Amino acid sequence: MIVINNLTKTFTRKNKKEKKKEKIVAVDHINLKINKGEIFGLIGPNGAGKTTTIKMLSTLILPDEGSMSVNGFDVVKDAEKVRNNLGVLAGEFTRALYWRLSGKQNLKFFANLRNMWDADERIDELIELFGLKEQENELIMKYSTGMKHKLALAVALLNDPPILFLDEPLTGIDPVTSFQLKNLIKDEFQDKTIIWASHNLYEIEEMCDRIALINDGKIVLEGSPEELKKKLWDYEKIVIVTDNTDAFTNINDVEIKNNVVEIKTKDVTNTLLGITNIVQKKNIRVEEIKTLRPTLEEIFMAGVKK
Amino acid sequence: MMTDELKKIGVFIKRDFRILFTYRLAFSTAFLGIVFNLFYLVLFGSMFGSRELSALTPYGGDFISYILVGSIGWGFLWSIMGMTSSSLRSEMMMGTMESILLTSTKISTIMIAYTIFGCIFGLLSIGILISVGFLCFSVSFGNATIYTFIIMFLSALLMMGFGMIFGGLTIWVKNIGQATPLIQNIAMFFCGVYFPITVLPEYLQPIAKYVPFYYSIEGLRKSLIPTTPESEIIRYIIVLLVLSIAFILIGLYTLYKGLNKAKKDGSLVFY
């Protein structure tokens, strides 16, 4: 379990234009509780504070205020115990590998640094899992970006940590590798607690049990994707594609663009009945009619605006 | 715990050699550079012919031997220093420093590993210089005593301390590595590497006493001269011992302070 209380981090940066130092609040009094075995999504625009939060949890950045615990260990006071429970992909993680060593040599190096002196079996297992067998002895400078991502994830999994922090794990890789990695995480990491930071809402919606929207260092929203949709979006949309849009102008909350009629409603059944009546009475030809649930993207935009 | 950290030093050295051998051309040219530099200096010295140089009388008077010892000592010292500070800087720039720190490896272990790798690299250059000196100029190091090795060992510790201070400052100030050539040249000026400090203007000569590396180079030279009284060499050894302990302690302090600051600033990675 991961518990974050009142976590705050401010950075001081030089403003070269105004030639003075300015304070940037990267993380602003965040509170979170992530349960064991949960995939928790941290979504937010660039610079929202996702990476800083993950780096603080990973013991790489010290917080200014607040406390964090990972599996019962205080992140600042028991940093070493925390690190032993973690696998981390943070920042530009493919740069955090030695490009002039082979994939296997990288794995062996990091395994040894984790005091795993007899790690050959584990290394082979990971190489097999990530499909890197053929390239295991090649320098990783020759690897594709997707392969480097896989290797970085393999390095993070060396000690089979119960907790994983994945910061933008699928950014910059092709759809096929992305699909493979998502399936692998779904199938193989079921017992792990994962924080998945991303600005890709589709990926978060697909992968995460619960999410928190972070903006300007603050948690704006928190809950399961469905809960958030209900909380922020208490209506659904009915979309009608027809040439006779004029017939629908008298309905409440209607928006017409070209041949598309969009109706917002809290009572889908009754509104659909009303639409059916209009269609029958006026003998209108309807090409398509469908109801739409709000997307996470719409929730995200609403949350950011809020 | 302690054994694990010691084993990790070996892991770092193995990694560094693996990476080094992927740069075969750079590796070979680095050594060729050392040899060419030596040739330039020796040929320059040959302009003086067989004339004994009065300034070198306390060191046996032979310019080639003087240059060779200076080059060996200086090359050894700065390969350690260069390795510690540049390795740390490149780990931070590449982003590998964060991955290493995530494994709970102690920063002191990392620095010791860099130092030992620097020592090995330095010893390889010494081997080359001694071979070239012997084969091309008939300079022999048969006078080397146990004191010579003690002085080299203490000098390595001194440079490790200096490297740690520089490493800590690199983590702290980031771009300080760019000042390395300047520091190196100023230090070389006062250490008697290519000329004895007695040829410096009188008002500059006392500065050498405050440059720690002076004791390494001077001690190394004195240990190779058979007529040097044992007490004088021991004096150099004591000074080097005190300096290396002081530098290592200051180095560890600077390193931990620098690391703490980088963790506060979020600047363990920089570009």
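Just to be sure I understand the filter: pairs with C-beta atoms under 8 Å, separated by 6 or more residues or on different chains, first member in region B:1-15 and within 7 Å of chain A (Cβ to nearest Cβ) and in contact (Cβ under 8 Å) with a residue 60 or more places away in the chain, second member hydroxyl-bearing (Ser, Thr, Tyr) and part of a loop (DSSP other than H, G, I, E, B). Which pairs pass?
Close Cβ pairs satisfying both conditions: B:Lys8/B:Thr105.
Quickly run through region A:83-119 and pick out the residues that are free of Cβ contacts under 8 Å to residues at least 24 places away in the same chain, over 18 Å from B:Val269 (Cα atoms) and not polar (S, T, N, Q).
Across region A:83-119, the qualifying residues are A:Lys108, A:Phe109, A:Leu113, A:Trp117, A:Asp118.
Please enumerate the residues belonging to region A:1-54 that are among the hydroxyl-bearing types (Ser, Thr, Tyr) and over 16 Å from the mean Cα position of the chain (by Cα).
Passing the criteria: A:Thr8, A:Thr10, A:Thr12.
Looking at B:Glu98 and the list (1) buried (at least 19 other Cβ atoms within 10 Å of the Cβ); (2) out of contact with any strand residue (DSSP E or B) (no Cβ under 9 Å at 6 or more places or on another chain); (3) closer than 30 Å to A:Leu86 by Cβ, which single condition is not satisfied?
Exception for B:Glu98: condition (2).
Would you check if there is a residue in region A:31-49 being within 14 Å of chain B (Cβ to nearest Cβ), among the basic types (Lys, Arg) and free of Cβ contacts under 8 Å to residues at least 60 places away in the same chain?
no
Considering only strands (runs of 3 or more DSSP E) fully contained in region A:175-286, which possess at least 3 residues that are outside the structural domain of A:Lys36 (by TED's automatic domain parsing)?
Counting at least 3 such residues, we get A:236-242, A:254-257, A:260-265.
B:Pro196: surrounded by fewer than 16 Cβ atoms within 10 Å (Cβ to Cβ), more than 14 Å from every other protein chain (Cβ to nearest Cβ) and at pLDDT 85 or above, yes or no?
no
Among the residues of region A:184-227, which ones are charged (D, E, K, R) and touching a residue at least 24 places away in the same chain (Cβ under 8 Å)?
Those that are charged (D, E, K, R) and touching a residue at least 24 places away in the same chain (Cβ under 8 Å): A:Glu188, A:Asp191, A:Lys192, A:Glu203, A:Glu205, A:Glu206, A:Asp209, A:Arg210, A:Asp216, A:Lys218, A:Glu222.
Tell me yes or no: at least one residue of region A:165-173 is closer than 19 Å to A:Met1 by Cα and either of a type in the set (Val, Ile, Thr) or surrounded by fewer than 18 Cβ atoms within 10 Å (Cβ to Cβ) (or both).
Taking every residue of region A:165-173 in turn, none turns out to be closer than 19 Å to A:Met1 by Cα and either of a type in the set (Val, Ile, Thr) or surrounded by fewer than 18 Cβ atoms within 10 Å (Cβ to Cβ) (or both).
Out of all the residues in region A:72-85, which are crowded, with 21+ Cβ neighbours inside 10 Å and either touching a helix residue (DSSP H, G or I) at 6+ places or on another chain (Cβ under 6 Å) or facing chain B (nearest Cβ under 7 Å) (or both)?
A:Val75, A:Arg83
Any idea which residue in region B:166-221 is nearest to the chain's Cα centre (by Cα), counting only those that are of a type in the set (Gly, Ala, Ser) and assigned to a helix (DSSP H, G or I)?
Going through the qualifying residues, I end up with B:Ser216.
If I filter region B:258-267 down to residues being within 13 Å of chain A (Cβ to nearest Cβ) and part of a helix (DSSP H, G or I), which single residue comes out as surrounded by the most Cβ atoms within 10 Å (Cβ to Cβ)?
B:Ala262
The values are calculated or read from the model by the stated rules, or taken from the named source; none is laboratory data. Quick caveat, the model's predicted, so the values are computed rather than measured. Cβ coordinates were reconstructed from backbone atoms using ideal geometry, including for glycine residues, and neighbour counts include every protein chain displayed.
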